[in-house]
Amino acid sequence: MAGQAGEGKDFLPKILVFSTHNISDPGIDLAGSSHMHYPPTVVVASMPCSSGIKPGWILYAVERGFDGVFLATDGEECAFLPDCAERTAQIARKAQELLSQNGYDPQRVRMSAVCSVCAEPFTNHMKEFSEALRKLGPARKG
Amino acid sequence: MSDRRMGVYICHCGGNISDYVDVERVRQTIVNEPGVVVAKTVVSACSDDSQQQMIQDIREQNLDGLVVASCSPKLHTFTFRSLARRAGLNPYRYTQVNVREQCSWTHTDDREGATKKAIRLIRAGIARTGLTEPLEPIRIDTVPQALVVGGGIAGLRAAIGLADIGISVFLVEKSAAFGGWVSRFGEMYPHGKNGRQLITKLIDEVKKRKNITSFTNAELVEKSGSIGNFNAKIRVNGKGGKKDDINVNVGSIIIATGFDAYQPGEGEYGYGVDGVFTLPEFKELLDKSKGVPVRNGKEIKDIVYVYCVGSRQPEDLENPNRYCSRYCCNAAVHSSILVSERNPKARQYHLIRDMRTYGKYELLYGESRERGSTYLRFGDDDPPVVEKCSDGKIKVTVKDLLTFGEEMEIKADVVVLVTGMVPKKNEELVGALKLPVGRDRFYNEIHPKLRPVETVVDGVFICGACQGPKNSSETVASALAAVTQSASILKKGYVELDPLMAVVYPELCQWCGECEKVCPYSAIEKSGDQGREVARINKAGCKGCGGCVPVCPRDAIDLKGYTDAQMKAMIDGYLRDGDTPLS
């Protein structure tokens, strides 16, 4: 059945991307404007700043059926918080702990800075992450 | 089931979406979502016709939520918020779902995948909209006065610009005189204008205007309030340590505090050896000597310029300046032209890493070579060595990459270290303004291209070299941009702020202070609620970043528009696949 794909060749990992309005979202938009392709099982939720992501949302996403969560951060460019990169790294670490505690592979969380013109790097991140998750298999058991 | 009444519009975007997404199938699927009462496809959602149709639907169907699935929210959030307002729907109950840049255009190769994804994206948008509450923008009346901090070429020009459009200006300069760096310069590129004369002219213009109040020996020491209505405390340092505090009420603040010149350390490229100068020191020496440039009464015959001193430093240095200062190549090349005009026999050697005479300044570079300047290129990991000689000359040894690494020895009368710009040391001002600085420690704009002079502190603008290396014409251009941005707020008489800020649930909060610690804007404070200590958000100070949300150990903070319930509802919406109805 569609959407219930299990392991094997048919498995298309579902990826949730958290991005930011001012920095990474324009980069992801640019990938679209340039007609670069990444798997359509990637969806993007945009926020003001990546330091506002709750680690609990990442666990929730995996528990509910996402196979991986990618934090497209502002890196050093954040206009809100000078220490945004460290804060987001801390959030990613906490999310990884939460995943481990609940029996999920911590590699299901990834983060990387995506700048406002980082169309190609973003596309590559999605392809690589998708491939890595395909090897890991679906997050949900049973 | 939901008791909401939402309208969902799926845009064809004239084929940009509908060529790659089966928009009719999307419509048929999402029309069954709980809370959706209208679902339509439109050829172009932003057109007048479609907007009229949506307004009519909102009114006739009594809609309480609007979802438009179209292009990136960057393009039309304000269009549809204002449409909602005209139709009588609260603008913050509108969600734009990006099915173009983040769907149709990036999956042009997969119609089935793109269609399913569009359905999932819109489901999340509907779920989010179902949990919106009506919010009102915060309206603040603006004071038609502005404060300009820094009286160099940027601050002076900004003050004149503001005054001429009818905004009163307080101009504050920390040192004893206006003019900044440019007032110390003689002939400047590209038009050969004299810096001192330019500044004298600007100061005269400032004096002519009755609506500019200027202060020297003065600093901005405190700032409170917010966009449209700031209270600023100016401290004037009088004679004999006497300090006077003046409080002014302004609608906007323009920061034009400029830069410091990079100061080489003792021994850095021979700095400290007699005859080794920084670029500003050399320019001063050039301006002082009339005719043939001389030093200690002797003609300067051989000059070596070492480029990129203090710029593009290696990563392993402590607090390295990784950036290119970009003005210095031009300034050094221009100085060498001035030298050759006055002494065509002077021999000039430029030791470069790369030459960055961008744009029309490339012509300067060409001219300098025609006049006989020699360019040698050294490797990043093999810098030139500058040493003192017993005969009073300075020996410079360099491996020239342009001649395949040949080692050259030049005996110079003067060595010029082509130093770049560094952020001005101004801890007190940074503290008073609470402006973020970037990785390079210059002030940060919101967006380098789209919002180049605005900062995250609404109503505070930056311009000139306090933002990063700029030459004087770029500095003035950005100063005038800051004038325009200020005027666009102050001439209207009021500003509206997005109400998407943090909110504390006092019943959950047990005041641990974690949120207060992580807020760099001091927008969170301890307050009382029914005899208990709880956190409170200061609406004028909150920037809506949400940085306090994940640090709360009791989940007592939400960011409006991105609440815990909304994010989880969106996650669920994203996951309901393809055409599966809600179970």
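The values are calculated or read from the model by the stated rules, or taken from the named source; none is laboratory data. No experiment lies behind these values; they were computed from the predicted model shown. Cβ: placed from backbone, ideal geometry, glycine included. Neighbour counts: every protein chain shown.
The residue that is nearest to B:Ser18 (Cα to Cα), counting only those in segment B:126-142 that are surrounded by 24 or more Cβ atoms within 10 Å (Cβ to Cβ) and not aliphatic (A, V, I, L, M), is B:Thr129. Among the residues of segment A:7-27, the ones that are modelled with pLDDT under 95 and not in a loop (DSSP other than H, G, I, E, B) come to 5 in all.
Only one of the numbered conditions (1) more than 11 Å from chain A (Cβ to nearest Cβ); (2) assigned to a helix (DSSP H, G or I); (3) hydrophobic (A, V, I, L, M, F, W, C) is not met by B:Ala118, and that is (1).
Checked against the criteria, B:Asn237 does not count as assigned by TED's automatic domain parsing to the domain that holds B:Ala482, over 24 Å from B:Val457 (Cα atoms) and either in contact (Cβ under 8 Å) with a residue 60 or more places away in the chain or touching a Gly at 6+ places or on another chain (Cβ under 9 Å) (or both). The condition (being out of contact with any helix residue (DSSP H, G or I) (no Cβ under 9 Å at 6 or more places or on another chain) and modelled with pLDDT of 95 or more) is satisfied by just one residue among B:Gln28, B:Gln102, B:Gln56: B:Gln28.
Touching a Lys or Arg at 6+ places or on another chain (Cβ under 7 Å) and more than 10 Å from every other protein chain (Cβ to nearest Cβ): is that true of B:Asn62 in this structure? Yes; evaluated as a whole, the condition is true for this residue. Count of segment A:115-128 residues, restricted to those that are more than 13 Å from chain B (Cβ to nearest Cβ) and crowded, with 21+ Cβ neighbours inside 10 Å, is 2.
Does B:Leu202 satisfy the condition of being assigned by TED's automatic domain parsing to the domain that holds B:Asn471, within 17 Å of B:Asp164 (Cβ to Cβ) and either in contact (Cβ under 8 Å) with a residue 40 or more places away in the chain or part of a helix (DSSP H, G or I) (or both)? Against the criterion (assigned by TED's automatic domain parsing to the domain that holds B:Asn471, within 17 Å of B:Asp164 (Cβ to Cβ) and either in contact (Cβ under 8 Å) with a residue 40 or more places away in the chain or part of a helix (DSSP H, G or I) (or both)), B:Leu202 qualifies.
The rows are residues; the columns are (1) in a loop (DSSP other than H, G, I, E, B); (2) modelled with pLDDT of 95 or more.
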position: B:Met355; (1), (2): yes, yes
position: B:Glu362; (1), (2): no, yes
position: B:Glu367; (1), (2): no, yes
position: B:Leu376; (1), (2): no, yes
position: B:Asp382; (1), (2): yes, no
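Taken together, A:Glu131, A:Glu97 contain a single residue that is more than 9 Å from chain B (Cβ to nearest Cβ), modelled with pLDDT of 95 or more and over 28 Å from B:Ile119 (Cβ atoms), which is A:Glu97.
Counting the residues of segment B:290-332 that are outside any loop (DSSP other than H, G, I, E, B), of a type in the set (Val, Ile, Thr) and more than 14 Å from B:Gly420 (Cβ to Cβ) gives 3.
Residues in segment A:51-90 that are among the small types (Gly, Ala, Ser), assigned to a helix (DSSP H, G or I), more than 7 Å from chain B (Cβ to nearest Cβ) and closer than 26 Å to A:Leu136 by Cα: A:Gly56, A:Ala89.
One residue alone among A:Ala89, A:Ala85 is surrounded by fewer than 19 Cβ atoms within 10 Å (Cβ to Cβ), in contact (Cβ under 8 Å) with a residue 12 or more places away in the chain and either among the hydrophobic types (A, V, I, L, M, F, W, C) or closer than 24 Å to B:Gln96 by Cβ (or both), and that residue is A:Ala89. Looking at segment B:489-505, can you tell me whether even one residue there is among the hydroxyl-bearing types (Ser, Thr, Tyr) and within 13 Å of chain A (Cβ to nearest Cβ)? No, segment B:489-505 contains no residue that is among the hydroxyl-bearing types (Ser, Thr, Tyr) and within 13 Å of chain A (Cβ to nearest Cβ).
Residue selection: B:Thr403 fails the criterion of being of a type in the set (Val, Ile, Thr), over 20 Å from B:Gly192 (Cα atoms) and in contact with a Pro (Cβ under 7 Å, 6 or more places away or on another chain).
I need the full set of residues from segment B:419-464 which are in a strand (DSSP E or B), surrounded by 18 or more Cβ atoms within 10 Å (Cβ to Cβ), within 12 Å of another protein chain (Cβ to nearest Cβ) and not hydrophobic (A, V, I, L, M, F, W, C), in order please. B:Tyr443, B:Glu454 - these are the residues of segment B:419-464 that are in a strand (DSSP E or B), surrounded by 18 or more Cβ atoms within 10 Å (Cβ to Cβ), within 12 Å of another protein chain (Cβ to nearest Cβ) and not hydrophobic (A, V, I, L, M, F, W, C).
Per the listing B:Asp57, B:Asp109, the residue uniquely of a type in the set (Asp, Glu), over 34 Å from the mean Cα position of the chain (by Cα) and more than 11 Å from every other protein chain (Cβ to nearest Cβ) is B:Asp57.
Quick grid of which residues meet (1) touching a Pro at 6+ places or on another chain (Cβ under 7 Å); (2) of a type outside the set (D, E, K, R); (3) over 30 Å from B:Ala158 (Cα atoms):
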position: B:Thr475; (1), (2), (3): no, yes, no
position: B:Leu480; (1), (2), (3): no, yes, no
position: B:Val483; (1), (2), (3): no, yes, no
position: B:Leu490; (1), (2), (3): yes, yes, no
position: B:Met501; (1), (2), (3): no, yes, yes
position: B:Pro506; (1), (2), (3): no, yes, yes
position: B:Leu559; (1), (2), (3): no, yes, yes
position: B:Asp572; (1), (2), (3): no, no, yes
position: B:Leu575; (1), (2), (3): no, yes, yes
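Among the conditions (1) surrounded by 19 or more Cβ atoms within 10 Å (Cβ to Cβ); (2) among the aliphatic types (A, V, I, L, M); (3) touching a Gly at 6+ places or on another chain (Cβ under 9 Å); (4) at pLDDT 95 or above, the only one that B:Ile203 does not satisfy is (1). Taking the numbered list (1) assigned to a loop (DSSP other than H, G, I, E, B); (2) over 33 Å from the mean Cα position of the chain (by Cα); (3) at pLDDT below 95 in turn, B:Tyr20 passes all entries but (3). Considering only segment A:92-134, state which residues are assigned to a loop (DSSP other than H, G, I, E, B) and either without any contact (Cβ under 8 Å) to a residue 40 or more places away in the chain or acidic (Asp, Glu) (or both). Scanning segment A:92-134 gives A:Gly103, A:Asp105.
Per this entry, B:Lys526 is not counted among residues that are farther than 24 Å from B:Ile446 by Cα, within 14 Å of another protein chain (Cβ to nearest Cβ) and of a type in the set (Lys, Arg). For the criterion of being within 29 Å of B:Asp440 (Cα to Cα), among the hydroxyl-bearing types (Ser, Thr, Tyr) and assigned to a loop (DSSP other than H, G, I, E, B), B:Ser335 fails.
Here B:Cys46 clears all of (1) within 14 Å of chain A (Cβ to nearest Cβ); (2) surrounded by fewer than 20 Cβ atoms within 10 Å (Cβ to Cβ); (3) in a loop (DSSP other than H, G, I, E, B); (4) not polar (S, T, N, Q) except the condition numbered (1). Please determine, by comparing only the residues of segment B:205-221 that are part of a strand (DSSP E or B) and among the polar types (S, T, N, Q), which one is farthest from B:Val236 (Cα to Cα). My answer is B:Thr213. B:Lys517 meets each of the listed conditions (1) within 14 Å of another protein chain (Cβ to nearest Cβ); (2) surrounded by 15 or more Cβ atoms within 10 Å (Cβ to Cβ) apart from (2).
Any residue that is of a type in the set (D, E, K, R), in contact with a helix residue (DSSP H, G or I) (Cβ under 7 Å, 6 or more places away or on another chain), part of a strand (DSSP E or B) and crowded, with 16+ Cβ neighbours inside 10 Å - is there at least one of those in segment B:271-285? No, there is no match, as no residue in segment B:271-285 is of a type in the set (D, E, K, R), in contact with a helix residue (DSSP H, G or I) (Cβ under 7 Å, 6 or more places away or on another chain), part of a strand (DSSP E or B) and crowded, with 16+ Cβ neighbours inside 10 Å.
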